[in-house]
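Read through the structure below, which is laid out as structure tokens, and then see the notes.
The values are calculated or read from the model by the stated rules, or taken from the named source; none is laboratory data. The model shown is predicted, which means the values in this text are computed figures rather than measured ones. Because the Cβ atoms are built from the backbone with ideal geometry, glycine has one as well, and the counts that use them run over all protein chains shown.
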Amino acid sequence: MITSKYGKELQIEVTGASHAPQIEIVIHGLPAGEKVDLDKAQDLLNRRKGGQNAYSTKRAEADCPDVLSGLEKKEEGFVTTGEPLKAVFYNQNTRSSDYEQMKYIPRPSHADYTSYMKYGDSLDRSGGGMFSGRMTLPICFAGAICMQLLEKEGISVFAHISAIGKIKDDKFDPVNPDVKAVPRKAGLLPVINKAAGDKMVEFMTACAGDGDSIGGVIECAVTGLPAGVGEPLYDSMESTISHMMFGIPAVKGIEFGSGFYCGTMKGSECNDPFIIKDGKVATATNHSGGIQGGISNGMPVIFRVCMKPTPSIYKEQRTVNMKELTETTLTLAGRHDPCIVPRAVPCIEAACAIAVYNLYVRYRSERNADSLTAIRTEIDELDGEIAELIAKRMDLAGQIAGEKAKQGLEIRNPKREEEVLNHVSNVAGEAKGEYVKDIYRKLIDKTCEYEENCQ
Ligand SMILES: Cc1cc2nc3c(=O)[nH]c(=O)nc-3n(C[C@H](O)[C@H](O)[C@H](O)COP(=O)(O)O)c2cc1C
């Protein structure tokens, strides 16, 4: 069995295949004590479900996670335990017989040929095996959790269909994307412009009726991300998001901000002028897509991914028999998505949330480390002053020791000690008085020791 892994701060491991009994995900690195709304996660999983319309696969599954570890039910709901979160999705609606004719006859542009060349018959290719769009199901679950954790920090991830074939939706405003304009409900097409959406439905349905498929583009926006998230060079915001995006089958390209269009612009057109907005640095335009040097600049992170048309189409196609090395043709049976794009929208959101959460955790722990360092510096300064004052106090106690010796008095003076303890306790106040008193008891003991040595 092959395990695919991703991530640093939050790691995911995915195993299973389209027609295997189950698909599993293990999520490492979730902090303990975080509330997870499983109903909300299920809403996202339902948005990617098949069997809902003419342009999606007829394969409908429950798509409900069976969570085996990492969550415990408390009064307030499900809460992370800090252990790896393991969830299983059972495949219950498989029809492997549809794939028998294709055992050695690969579908053009699917992974049948490449996976056979790499793994031979040791890997089950039925239903697309581990290259199936079904492998996005656990990603949607992990992503839904990351989205909830990010939302607590004021960070949101939203996507919509930007284009199906040549039919285009409106674009997100790159500076202020109106993410609420996109419906987020199973069965509703996630577009901004309803009229464009109607045309898309008509076109996808026509392609399905023709036994063909169609590709498209998905646009995704991350809002509320502070400036400073992401690393230079290889763990940049772009590379971390892209790494995750190419784990979604059929993604063929990605562009951030104005992307390839930047190549047609002059610097004077493409540069995003800095401005001050609401007392903070912002940019007037957002051709950079919210990222410069791999690091977020506080503007919305905007990117688009291109999804190729579903390779499984019902038209006769030229292919080969991989075993006999002969040319042949293939006319498919089986259930496929004539257009992957609507179902891929929640997958893109989820994958993006996993990537952004990874970088955000690193940003947050560095910030926490920074504020720890700042507090420690202040403590060091105070310690210096306190040590100096204690030394001065001991000098005075040394003088008292001399006086006491002259007058034949005892070093310890319980009445005076009580006065000192009450005084410092009053100065420290109610909350800290007792602690300070304890510290002073020790200080008095040590000072008396010093006085004895002075005599
Ligand atoms: C949500 C989703 C559903 C998919 N459904 C199908 C499908 O029904 N039939 C198909 O041939 N490919 C489908 N794909 C795409 C293939 O899995 C993908 O094209 C194939 O694995 C080859 O990988 P590549 O296109 O990334 O090279 C789907 C992808 C996604 C994201």
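Looking across Asn453, Asn426, one residue alone is at pLDDT 90 or above and over 44 Å from the mean Cα position of the chain (by Cα). It is Asn426.
All conditions but one from (1) under 20 Å from Tyr360 (Cα atoms); (2) away from the ligand (no atom under 16 Å from the Cβ); (3) touching a residue at least 12 places away in the same chain (Cβ under 8 Å) apply to Gly165; the one that does not is (1). Selection within the range 127-160: residues that are of a type in the set (Val, Ile, Thr) and away from the ligand (no atom under 13 Å from the Cβ). The member of this set that is farthest from Asp112 (Cα to Cα) is Ile155. Do we find a residue being free of Cβ contacts under 8 Å to residues at least 40 places away in the same chain and away from the ligand (no atom under 16 Å from the Cβ) anywhere in the range 297-310? No, the range 297-310 contains no residue that is free of Cβ contacts under 8 Å to residues at least 40 places away in the same chain and away from the ligand (no atom under 16 Å from the Cβ). Set side by side, the residues Tyr360, Tyr440 differ, and just one is closer than 30 Å to Asp235 by Cβ and in contact with a Leu (Cβ under 9 Å, 6 or more places away or on another chain), which is Tyr360.
For the range 22-66, filtered to residues that are at pLDDT 95 or above and among the acidic types (Asp, Glu), the residue that is nearest to the ligand (Cβ to nearest atom) is Asp43. With respect to (1) at positive phi; (2) in contact with a strand residue (DSSP E or B) (Cβ under 6 Å, 6 or more places away or on another chain), the lone exception for Leu233 is condition (2).
Within the range 255-311, the set of residues being under 27 Å from the mean Cα position of the chain (by Cα) and basic (Lys, Arg) comprises Lys280, Arg304, Lys308.
Please work out which residue is farthest from Leu150 (Cα to Cα), limiting yourself to the range 10-21 and to residues that are modelled with pLDDT of 95 or more and surrounded by fewer than 21 Cβ atoms within 10 Å (Cβ to Cβ). Selected residue: Thr15. Within the range 175-213, restricting attention to residues that are aliphatic (A, V, I, L, M) and touching a Ser or Thr at 6+ places or on another chain (Cβ under 8 Å), the residue that is surrounded by the fewest Cβ atoms within 10 Å (Cβ to Cβ) is Val175. Elements of the type strands (runs of 3 or more DSSP E) sitting completely within the range 35-133 and holding at least 3 residues that are exposed (fewer than 14 other Cβ atoms within 10 Å of the Cβ): these cover 66-69, 71-74.
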